[in-house]
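Working notes, structure below.
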Amino acid sequence: MTTDTALQGKIALVAGATRGAGRAIAVQLGAAGATVYVTGRTTREHTSEVGRATETIEQTAELVTEAGGRGIAVPTDHLDVAQVRALVAGIDKDHGRLDILVNDIWGGEHLIVWNTKMWDTGLDSGLRMLELGVRSHIITSSCALPLLVRNPGGLVVEVTDGTAESNRRFRENFYYDLAKNAPIRMAFTLGEDLKSVGGTAVCISPGFLRSEQMLEVFGVREENWRDAIAEQPHFAIAESPVYVGRAVAALAADPERARWNGRSLSSGQLAKEYGFTDVDGSRPDAWGYFEDVVYGDKDGSVDDYR
């Protein structure tokens, strides 16, 4: 597990840190002592196409600082190459290094129409999903990696929905399937590029994430999230965003993290390895539960996977 100073002196960039997993990852890196640049499109003055003005990158930066690190908010559209280059140039100017890059850029939930054939899906919406979930990651890595590889030991974390094993199944929408499988392959190929210079790349997926949006879908809050289980029984395996945040912080603090290079990982898997828990003290393994019980023929309950 990380300590309050495990990442002291480290410089991190969490791209897509406005809410959900990205926000939690930034905060947990800060809790371990890192300086964390947090980016996104929703600020106190501007709301992105996601349409959620309630979460901003300024809030995230404040939470990072409150947790013990230093949070720095930089409004950035990661599809705008000039903006991303300016972001990286600023990090270079102020610190001369980048130790951790987290690619958590997404914001395409509003575009998904589930269980719709590819040819019945609007092409503009589909391509926009790929812009948000794939092209933005490529742009960010291309611009940031020259700074990250300046020093050995750099870490790249691609964040997606689903592990390589769970995503063998169709994700119920052609474009979403592509958008969420691409980061898995990105981590693998970046791992091949980085290992010769002492770097590591991984792809991490949370399980059934109790993000701000998901809680609103079920009409609950973090304090009473279990009230949604009656409507959606599988929500019993849900995890808070803090869980995946702790997973990334533990990985970043591990001097032997190169053993994970190129791999697809989950928050539940890393919890077993590093010993951290979710906010309620449990260790949910959502993807194990879905693989074994929901899709498989294994007898078991949610309690067996928490």
Of the criteria (1) under 18 Å from Thr5 (Cβ atoms); (2) within 18 Å of the chain's Cα centre (by Cα), which one Pro255 fails: (2)
Condition check for Arg259: within 30 Å of Lys195 (Cβ to Cβ), in a loop (DSSP other than H, G, I, E, B), basic (Lys, Arg) and without any contact (Cβ under 8 Å) to a residue 60 or more places away in the chain: no
Residue identified as exposed (fewer than 15 other Cβ atoms within 10 Å of the Cβ) and closer than 26 Å to Gly154 by Cα among Val81, Val36, Val88: Val81
Which numbered condition Glu256 fails, given (1) within 20 Å of Glu55 (Cβ to Cβ); (2) surrounded by fewer than 17 Cβ atoms within 10 Å (Cβ to Cβ): (1)
Scan of region 280-306 for residues that are of a type in the set (Asp, Glu), closer than 16 Å to Arg226 by Cα and either in contact with a Pro (Cβ under 9 Å, 6 or more places away or on another chain) or in a helix (DSSP H, G or I) (or both), ordered by number: Asp303
Filter result for Glu216 (surrounded by fewer than 22 Cβ atoms within 10 Å (Cβ to Cβ) and touching a residue at least 40 places away in the same chain (Cβ under 8 Å)): no
Region 272-293: number of residues that are touching a residue at least 60 places away in the same chain (Cβ under 8 Å) and closer than 22 Å to Ala24 by Cα: 7
Qualifying residue in region 231-249 (condition: assigned to a helix (DSSP H, G or I), touching a residue at least 12 places away in the same chain (Cβ under 8 Å) and out of contact with any helix residue (DSSP H, G or I) (no Cβ under 9 Å at 6 or more places or on another chain)): no
Considering residues of region 60-71 that are within 18 Å of the chain's Cα centre (by Cα) and without any contact (Cβ under 8 Å) to a residue 40 or more places away in the chain only, the residue surrounded by the most Cβ atoms within 10 Å (Cβ to Cβ): Val64
Test: Thr189 is in contact with a His (Cβ under 6 Å, 6 or more places away or on another chain), closer than 30 Å to Lys93 by Cα and in a helix (DSSP H, G or I): no
Residue within region 280-291 that is among the acidic types (Asp, Glu), within 23 Å of Gln8 (Cα to Cα) and either under 20 Å from the mean Cα position of the chain (by Cα) or modelled with pLDDT of 95 or more (or both) present: no
Any hit, region 109-119, residues being among the acidic types (Asp, Glu), under 18 Å from the mean Cα position of the chain (by Cα), closer than 26 Å to Ala238 by Cα and at pLDDT 95 or above: no
Conditions (1) within 21 Å of Glu172 (Cα to Cα); (2) free of Cβ contacts under 8 Å to residues at least 60 places away in the same chain; (3) not in a helix (DSSP H, G or I); number of the one not met by Val113: (2)
Residue satisfying all of: in region 230-253; buried (at least 19 other Cβ atoms within 10 Å of the Cβ) and charged (D, E, K, R); farthest from Thr189 (Cα to Cα) among these: Glu239
Top-ranked residue in region 133-178 [being in a helix (DSSP H, G or I) and among the hydroxyl-bearing types (Ser, Thr, Tyr); ranked as surrounded by the fewest Cβ atoms within 10 Å (Cβ to Cβ)]: Ser142
Residue within region 74-94 that is more than 23 Å from Pro183 (Cα to Cα), in contact (Cβ under 8 Å) with a residue 24 or more places away in the chain and assigned to a loop (DSSP other than H, G, I, E, B) present: no
Arg23 basic (Lys, Arg) and surrounded by fewer than 24 Cβ atoms within 10 Å (Cβ to Cβ): no
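The values are calculated or read from the model by the stated rules, or taken from the named source; none is laboratory data. Just so we're clear, the structure is a prediction, and the values are computed from it rather than from any experiment. Here Cβ is always computed from backbone atoms with ideal geometry, including for glycine, and neighbour counts include all displayed protein chains.
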